[in-house]
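Presented below is the structure to which this report refers.
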Amino acid sequence: MKKFSERETNKSVAVYCSASDKISESLLNGGENFGKSLAVAGHSLVFGGCNMGLMGRVALGVKKGGGRVVGVVPQIFSKPEQIFSGCDEVIHTRDMRERKAVMQSRADIFVALPGGFGTLDEMVEIITLAIVGNHQKHTIIANLDGFYDPLLKMFESWFENEFAQKKARTHFSVERDWNALLSRMR
């Protein structure tokens, strides 16, 4: 298998996801396989830099697949033991706002895997920025096992009640399982 430096990287993929180690092992394993598949396809990873949870496992998968990993770490999380040691590049930021801006500038596409408040914040902001014309990059929401069903139902309510324009749907897509997500990335 070629290392990232020996081949051209197709896209830089920003992945937003959980840093919790308490989530299911099947989700963690799926994240690692997803990361490996990204790398094998020639994509690099831009992520929050954490070595824990789904975030750490996606990065581990990218490294196992021979890919490039860029961690973007806000000062609040910059303890060496919290940062994924396999990062090819670590970018330190003052805060979460700066981290989001760096990730936006470094990525070609965004993927939201299951996560908590931080993931939701990052995903909704990046979609909003696309809607208002700040960028023209696409976001994929990985609705694995229906994780995002309540949020997607809320989105539909916004569209139906005209709190959001239906054309906003063009800025994101939803994939319901790992295979569909991986196919979309190819």
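For the stretch 147-186, a tally of residues being in a strand (DSSP E or B) and aliphatic (A, V, I, L, M) returns 1. Of all residues in the stretch 155-171, those that are surrounded by 13 or more Cβ atoms within 10 Å (Cβ to Cβ) have Cβ atoms under 8 Å from Cβ atoms of residues that are among the small types (Gly, Ala, Ser) and not in a helix (DSSP H, G or I), 6 or more apart or on another chain, in PHE155/ALA164; TRP158/ALA164. Note on the stretch 69-125: enclosed strands (runs of 3 or more DSSP E) holding 1 or more residues that are in contact with a Phe, Trp or Tyr (Cβ under 9 Å, 6 or more places away or on another chain) and either within 23 Å of MET185 (Cβ to Cβ) or aromatic (Phe, Trp, Tyr) (or both) are 69-74, 109-112. Among the residues making up the stretch 10-49, none is part of a strand (DSSP E or B) and modelled with pLDDT under 95. Within the stretch 66-114, the set of residues being in contact with an Asp or Glu (Cβ under 8 Å, 6 or more places away or on another chain), over 22 Å from ALA142 (Cβ atoms) and surrounded by 15 or more Cβ atoms within 10 Å (Cβ to Cβ) comprises just one member, PRO74. Checking the structure you have, find out if any residue of the stretch 115-130 is within 16 Å of VAL58 (Cβ to Cβ), β-branched (Val, Ile, Thr) and either surrounded by 15 or more Cβ atoms within 10 Å (Cβ to Cβ) or more than 18 Å from the chain's Cα centre (by Cα) (or both). The answer is yes, given that some residue of the stretch 115-130 is within 16 Å of VAL58 (Cβ to Cβ), β-branched (Val, Ile, Thr) and either surrounded by 15 or more Cβ atoms within 10 Å (Cβ to Cβ) or more than 18 Å from the chain's Cα centre (by Cα) (or both).
The values are calculated or read from the model by the stated rules, or taken from the named source; none is laboratory data. Treat the numbers as computed from the prediction; the structure is a model and nothing was measured. Note that each Cβ is placed from the backbone with ideal geometry, even for glycine, and that neighbours are counted across all protein chains shown.
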